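First the structure, in the form of structure tokens, and then the observations on it.
The values are calculated or read from the model by the stated rules, or taken from the named source; none is laboratory data. This is a predicted model, so every value here is computed, not measured. Neighbour counts are summed over all protein chains in view; Cβ atoms, including those assigned to glycine, are modelled from backbone coordinates with ideal geometry.
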Amino acid sequence: MSRIKIALQKSGRLSEESFDLLSQCGIKIAKGDRKLFASSNNFPLDVLFLRDDDIPEYVEKGIADIGIVGENVVWETTNTPQIIKHLGFGKCRLSLAVGKEEDYQGIDYFSGGCIATSYPKTLKKFLAKSKISADIEYIKGSVEIAVGIGLAQGIFDIVSTGSTLMMNGLKEVEVLARSEAVLIKNASLDAETANILDQLIFRIESVLSAKSHKYIMLNAPLDCVEQISALLPGIKSPTIVPLVENGWCSIHSVIAEDEFWEIIDSLRIIGAKGILVLPIEKMVS
Ligand code: PRT
Ligand code: ZN
């Protein structure tokens, strides 16, 4: 029987969450001391543990069928695996930064200057789009010191909290792109492997949509039901359960996490009481 081979980062910022995602999909993989290879015994999936920079190439060449990697790594590679799903973790910005005392007025600041980065291909594309001509100095690591040692006017690097920039006397001046972990695939999977991938994607989607939604329960007078139902349409429509107290009911529904704070005030104004919000483990629409 066919099995699908997934490439995951061996040890780094995406390792734990990539592994956790498979586990939330019900795929058990013996943790052990993660060497190069591991297998699941309850889903037809094998794992290759690699450096993140190698993942797009392994997938493109078909050594792995699919992989999880930062989208920024895909942009930088000459290989072109297909991105099939954004996974919602490993989020970061790719930004331009300059010395914190600089009088920065706009991206023209970099015209005719030099920018240090580990992501030359991505930077080149964005500079061309902004019609800025600047030299690009490729540095593999510790890009943040390039300005301090006089190598470049600015840097282009990954920023998450911004503390690395701050500690190096830099300030973020332009966000050129946003990246997160993505699921990539080889362009020509055979039918059986493609079928396993469909099953995996179905599970991933159930996990991701559960994470971005909450189960909501509240009590309301019966004459408010229509108004509240309009605010909480749920998957099909809300469930209404009568309360022992006459004229009252309990309404159960599902809401998108990012809509919650907007809706909550309207619910209270309409007359909802005892609002409970619970996490959802899996969600299949
Ligand atoms: O060993 P391997 O080659 O596999 O890993 P790596 O060291 O090349 O990559 P790793 O594990 O550091 O990052 C993997 C992926 O995580 C990246 O490709 C991004 O998609 C994503 N990611 C998310 C980040 C960050 N956040 C991040 N903050 N990658 C790197 N950083 C670094 C950044 O380079 C800078 O040095 O963290 C510093 C900035 O962080 P803040 O929080 O101080 O702003
Ligand atoms: Zn790397």
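I'd like to check something: does the range 114-123 contain any residue that is of a type outside the set (D, E, K, R), touching a helix residue (DSSP H, G or I) at 6+ places or on another chain (Cβ under 7 Å) and in a loop (DSSP other than H, G, I, E, B)? Yes: the range 114-123 contains one or more residues that are of a type outside the set (D, E, K, R), touching a helix residue (DSSP H, G or I) at 6+ places or on another chain (Cβ under 7 Å) and in a loop (DSSP other than H, G, I, E, B). Among the residues of the range 96-107, those that are touching a strand residue (DSSP E or B) at 6+ places or on another chain (Cβ under 6 Å) and either part of a loop (DSSP other than H, G, I, E, B) or assigned by TED's automatic domain parsing to the domain that holds residue 55 (or both) comprise 100, 104. Checked against (1) free of Cβ contacts under 8 Å to residues at least 60 places away in the same chain; (2) within 16 Å of ligand 2 (Cβ to nearest atom), residue 63 passes all but a single condition, namely (2). The number of residues in the range 242-273 being more than 30 Å from residue 26 (Cβ to Cβ) and surrounded by 11 or more Cβ atoms within 10 Å (Cβ to Cβ) comes to 16.
In the range 18-55, which residue that is within 16 Å of ligand 2 (Cβ to nearest atom) and of a type outside the set (Gly, Ala, Ser) is surrounded by the fewest Cβ atoms within 10 Å (Cβ to Cβ)? Lay out the reasoning, then the answer.
Of all residues in the range 18-55, those within 16 Å of ligand 2 (Cβ to nearest atom) come to 18, 48-55.
Going one step further and asking which of them are of a type outside the set (Gly, Ala, Ser), we end up with 48-55.
On the way: 48: 20, 49: 17, 50: 20, 51: 11, 52: 23, 53: 13, 54: 19, 55: 29.
Top of the filtered list is 51.
The residues listed here are 228, 155, 196, 184; of these, the one that is within 30 Å of residue 97 (Cα to Cα) and touching a Pro at 6+ places or on another chain (Cβ under 8 Å) is 184. Scanning the range 43-84 for residues being of a type in the set (Val, Ile, Thr), over 15 Å from residue 179 (Cβ atoms) and part of a helix (DSSP H, G or I) gives a total of 1.
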